[in-house]
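Before any comments, here is the structure.
The values are calculated or read from the model by the stated rules, or taken from the named source; none is laboratory data. It should be emphasised that the depicted structure is a prediction, and the values quoted were computed from it without experimental measurement. Glycine gets a Cβ as well: all are built from the backbone with ideal geometry, and neighbour counts include every protein chain shown.
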Amino acid sequence: MNGNGRLSWRVLWGDLSPFALLPGGALLFVASDRLAHSLLVLAAFVWVYCLSSLAVFAGSRFFPSRGRTVLLAFVASFAACLYLLLISTLFPLAALHTFFAVSLVPMLRVGSGTPRGIERAGLARTLRLSFADALVAGSLVVALALIREPLGFRSLSLPGGASGLLVFHPFGDETPVYLRFLSGSFGALALLGYGLGAYRHLREKQTGGNG
């Protein structure tokens, strides 16, 4: 979230440098291969964003403004470790597959920054805005997984089971050859490119080419 209390869309496409966008791109490619993995990453976003915001809010009166980024980085990383420990006890294999994606969530949290005037925002508002930011970022991963898995694997999955996934095949077992590429990184990159192109087209259409 930004200093005005609005949703932080810049984590996905904004005025951040290309290097700051790299963790988000890698997370999209890795976590959107299966719906089960994307749901675990969505929960990681909510867990890390809300817990780190709570810690920054609690420590805002004790830490100077220059130290909040360090505090946020430490707490976000610690929250991600706790989350990985939790899901590894529930879904060990799924946690293994999502380890890299979850480890990128604290980087995105730190990249989104901390809001100014967090002491005056109130605990409820701080948590609400953090939850909204996490939901925006995590929902994009889930939306991409809802395209890649049904088209690339002809299935839908949820966390659980001995293999870490409960796989359902409501669309049949055979995947057309020309759609199998969507299950790989190239397919995720192609879908992301089409999605960003459509977003920019709609934004320019709404703003008359000035956005």
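Of the residues making up the range 84-98, those that are hydrophobic (A, V, I, L, M, F, W, C) and closer than 14 Å to R34 by Cα number 4.
Being at pLDDT below 90 and crowded, with 20+ Cβ neighbours inside 10 Å holds for only one residue in A101, A137, and it is A137. Going residue by residue through the range 105-114, is there one that turns out to be under 15 Å from W47 (Cβ atoms), at pLDDT 90 or above and surrounded by 14 or more Cβ atoms within 10 Å (Cβ to Cβ)? Checked against the condition, which is being under 15 Å from W47 (Cβ atoms), at pLDDT 90 or above and surrounded by 14 or more Cβ atoms within 10 Å (Cβ to Cβ), the range 105-114 yields at least one hit. Taken together, the criteria exclude S38 from residues that are more than 10 Å from the chain's Cα centre (by Cα) and crowded, with 24+ Cβ neighbours inside 10 Å. Please work out if G122 is buried (at least 16 other Cβ atoms within 10 Å of the Cβ) and modelled with pLDDT under 85. Here the answer is no, as G122 does not meet what is asked.
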